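Notes follow the structure.
The values are calculated or read from the model by the stated rules, or taken from the named source; none is laboratory data. Not measured: the values here are computed from a predicted model. No Cβ is skipped: glycine too gets one built from the backbone with ideal geometry, and neighbour counts run over all protein chains shown. Note: accessible area is taken over every heavy atom of the protein model, side chains too, but ligands, DNA and RNA are not part of it. Shrake-Rupley method; radii C 1.70, N 1.55, O 1.52, S 1.80 Å.
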Amino acid sequence: MKLGLVLRILLIGLLISTTWTQVASGLMTSECLKNFLHLTLSMEHFKDKYLSFSAVDRSGITWELDEALASQCGYTITYSSRNSIVFRASALSCHSHLEKDVFTVTIQIKVSHTSDMKNATTHLKSASCPCGPWSPRELVCETNYMEVSIWRDVPQTEKDIVLNEPEDWILSYQEAQGITFSAVRSSTFYKQQWMILMVDTAMACPVDGVNYINKTIIWTVPKYFQALCAGATGFKDVLVEAGVNLHKLSAEEMASRKYVLSNDLNTITVKIPIGAEGGFYKTSVSSGKHGAKYSINLFLEHQWEDNKWGLTKYTIIKEIETPFEQAELAVTNNSNLSARLMNVTVGMFLLDVELVNLTIEGTTVTVPEAIQHGYLTYEIRYANGSKIYVIQVSFDAPGIKKEYVTDDTREYTLNVTLKFIILPTNDTFAVPVITVSAVKDAVLPSARGYCDEDDFHLIITRGNVDQNWLPFISDQHLMPEVAQKDYYSLNDNGTHLFVSVPFLSSLVDYKDIHISGVMASLHLTLKDGITLANKKDFLISCRFPPSELIQCLPNGTVVITAIKLVRLADLDTSLLVLRDKQCKPSLVTKKSATFKFNVNTCGTSRKFNSTSITYENDVLYFRPGNDIPVYQLKFVCVYTIKHSADVKYENKKNLPSNIKPGFGSLDLSLKLFKEKSYSEPYQELEYPVVKYLREALYFEVELLQPADPRLELNLEDCWATNSQSQDSLPQWPILINGCENSEDTYRTVSHEVNVSHRVKFPQHFKRFEVTVFTFVQGTTLLQMQLYFHCSVVICSTTPLPSDVICQRRCNPGTHRLDRSAEPHRQGQVSSGAVLIRKEKMVRKGERTDF
């Protein structure tokens, strides 16, 4: 009689989860291998589903297999390749039915779309496999449990009973030849009739023993180690064989795969080249880096005989996984330039990798969503079990960066991050993809410019490369929000950029000043909006009339703007002065200085000729410690009688620089006042003024402009006519050569002019009084409308000795054409109409006396 004992021991290890993220709806295949039922499920049939496994016992009760129950009852769930799930059940598993050397296992598999397994589809699989013949002692080291079975004769007589075998109780050692074992001993007691039978056994499985040298897996297993062979002697090898996935390999098959099986005195060694047939690579991630591990499911069977157990059959199922090895991914740009299509491949990948999303410009989208953004992705599989991913996207799709490089070339940059998932572990990793395609399609911005009297105008036609270029002038960024403050205009309609800059802007460079005008330049640069690198330069140069640089105002005020020339880069405009160095600019910019002063100040000189007064001064710049100016700009204001002309500048490289004279006008007025006090003149709406016999007419002649106290107004001739024309006849003399008419019974009376609230410079005024009797022919009073006229001469308050006219106040004996050889400033002025009547009409109740 034989007694069979089966002892299954939990081996500390990791059981692959029984819930999957990829599930199939297809069938499965089964195979009987060495007292195991081997059930294979294709992962391709379980996509996007969850699985659970249960064992069904003879009573039809299902036992859901978690990690603990699977280890206790002899079940294993693991990979056998990159696309298969393996369920393995021992012939001695808890819920198998063993009868006449045949064992039957029934498995229930549930498939669901959700992790809670609701609405699951149930598949039932029942399979039978032969088992045996059984050796007296069979030891199995599975990946997640240990199993030992012992067959012994039951003793028939008392003398055969062995109460104790001390050698069985020798402590089992956990290490043999430097290899760590997981070991356990047990004693089982059986009571039968008059005796108690104790069966002692021990079990040990190697935990490590695997090394990796020169791309080779070296698995070493000790022979006859103490934990299994205590008390036994006389060892004899019966069988040593190895294989993959419980399939035995012949010597020829091993040689073809370059496997090596060595059976030495104390060890059995298996050598497998990494990557050899029978194993498989699976994708792995370490510290976010993509790589792979090589995995192979080996088994080793060693049978030996000894004097204690007889035949022992020792089977080790060993899943070996090599360390992580980083694998570089190639990114290849196969863009079609003519079709303006980017075509980028990324790989190689193993088939356990799937693309799940893309990140474009910081936004993560799924693969279907990416298509809506213009990013098409697909995979290409190869016969060797690898694949690549292809990304196709238009050059003009959102997220494609366009950058001008040089000449006619633009670079298109694809910058996306691909996120992948590894099945079935659900580990993820990301692959940044950056590719650049150079295309000769650049259109640079072009420009045209022109100038008017006051401004530069630049019109820039946009190209296709300058969307992010910024306009700069003299390192100043042109922006609409500051344009008004800085006195320029800037408009951008998307296709054209319009820039207008005043001639006197600090953004303008001044090259030279010439009699023909001021040569000025505007240099506009388009810069990269990020790096501020110069991308395109535009230069417009124009010669401007200098009318805005000098103003000769009628009141004798001069406004002169001196500009800084590019050849004097170190000139400090705040240090510019006039001839009188105390006269400094009233307004300073980095490129100009403006002076405002009266013609009788700041060292201004003057000259006279027959028609005008000329004022001259200089704008000067002295370097510290030097009395010789390095900058001299001469300017002139010319005041003429009733004439004016434009201002022009002249600048020579050799000092001094000159401004062509500016011109002003001598403004005169002849007014009729109501009283001798000269406090209220007749206004324009009161003309014609009505006057009667013996009434006085009070006239005032005034030099209005320029307001130069060094000038003096003198009267030459004054006369009356009966029309507005100064030359019409008849004429009635009032003053001749500045003196009263000696032939007139009622002589003209001159009045002194003093300073008052209205009179600042008395020398600019002349007043005289005329009576109505002056205009009597014989004894007849003229009753008509008269106009009064005077001719004047402008003199210096300090005339030269040779200036006879200006030295005298009245010279009746000299004809005015013979008065002097000196030129003078002359002018004529007229009054409004005066209506002369014989007598004043008297209304009832009024009285008039003569």
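Measure off, as a whole percent, the carbon and sulfur share of the 1.4 Å-probe accessible area of the range 464-552, all protein chains present.
Details: 2220 of 4270 Å².
Answer for the range 464-552 is 52 percent, counting heavy atoms of protein chains only.
Rounded to the nearest 0.05, what FRET efficiency is calculated for residue 450 and residue 742 with R0 set to 56 Å and r the Cβ-Cβ distance?
Details: r = 67 Å, r/R0 = 1.20.
Step by step, r from the Cβ atoms, then E = 0.25.
Before anything else, pin down the relative contact order of the range 441-494: Cα pairs under 8 Å, at least 6 apart, normalised by residue count, whole percent.
Numbers: 50 pairs, mean separation 13.9, N = 54.
The value is 26 percent.
Residues whose amide H falls under 5 Å from that of residue 748, counting only those 5 or more places apart or on a different chain, are 741, with hydrogens built in the peptide plane.
The heavy atoms of residue 541 offer some 60 square angstrom of accessible surface to a 1.4 angstrom probe.
Shown are 470, 711, whose ranking by accessible area with a 1.4 Å probe and every protein chain present, most to least, is 470, 711. If you take the Cα centroid of the range 233-276 and the Cα centroid of the range 371-399, the two points sit 45 Å apart. Residues in the range 307-317 carry Karplus couplings, in order, of 7, 9, 9, x, 8, 10, 10, 10, 10, 10, 9 Hz; the curve used is 6.51 cos²θ - 1.76 cosθ + 1.60 with θ = phi - 60°, and Gly or Pro positions show x.
Using 1/(1 + (r/R0)^6) with R0 = 35 angstrom and r between the beta carbons of residue 263 and residue 354, what's the FRET efficiency to the nearest 0.05?
Calculated value: 0.20.
Sorting 309, 134 on solvent-accessible area from highest to lowest, probe radius 1.4 Å, gives 134, 309.
With all protein chains kept in place, the per residue accessible area of the range 421-510 amounts to 50 square angstrom at a probe of 1.4 angstrom. Extending 7 Å from the Cα toward the beta-carbon at both residue 605 and residue 187 defines two label points whose distance is 13.8 nm.
The solvent-accessible area of residue 118, taken with every protein chain present and a 1.4 Å probe, is close to 130 Å².
Label-to-label distance for residue 683 and residue 406 is 7.9 nm, based on points extended 7 Å past Cα in the beta-carbon direction. Take residue 736: with every protein chain present and a 1.4 Å probe, its accessible area is about 70 Å².
Distant-in-sequence amide contacts of residue 267, defined by a placed amide H-H separation under 5 Å and a gap of 5 or more residues or a different chain, comprise 223. Residue separation of residue 543 and residue 126 scaled by 0.36 nm, minus their Cα-Cα distance, works out to 139.9 nm of gained length. Remark on residue 249: its backbone amide H falls under 5 Å from those of 242, 243, 244, a criterion applied only to residues 5 or more positions apart or on other chains, H modelled at 1.01 Å from N. FRET efficiency for the residue 118 to residue 438 pair, using the beta carbon distance and R₀ = 41 Å, is estimated at 0.15.
For the residue pairs 248/271; 282/318; 223/293, the C-alpha atoms sit more than 26 angstrom apart in 223/293.
Where the accessible area of the range 248-315 is counted over protein heavy atoms with a 1.4 Å probe, how much of it, in %, is carbon and sulfur?
Working: 1370 of 2960 Å².
Whole-percent figure for carbon plus sulfur exposure: 46.
Measuring between their Cα centroids, the range 547-569 and the range 282-359 lie 84 Å from each other.
Cross-link partners for residue 564 among the aspartates and glutamates, with Cα-Cα distance under 12 Å and sequence neighbours closer than 8 places in the same chain left out: 509, 512, 572. Model label points for residue 758 and residue 534, set 7 angstrom from Cα along the Cα-to-Cβ axis, are 6.5 nm apart. With Cα atoms defining each centre, the range 496-513 and the range 83-114 are spaced 91 Å apart in the structure. Enumerate the residues in the range 259-277 having an amide nitrogen under 20 Å from the point lying 7 Å beyond the Cα of residue 252 toward its Cβ. Of the residues in the range 259-277, 259-261, 277 have backbone N under 20 Å from the label point off residue 252.
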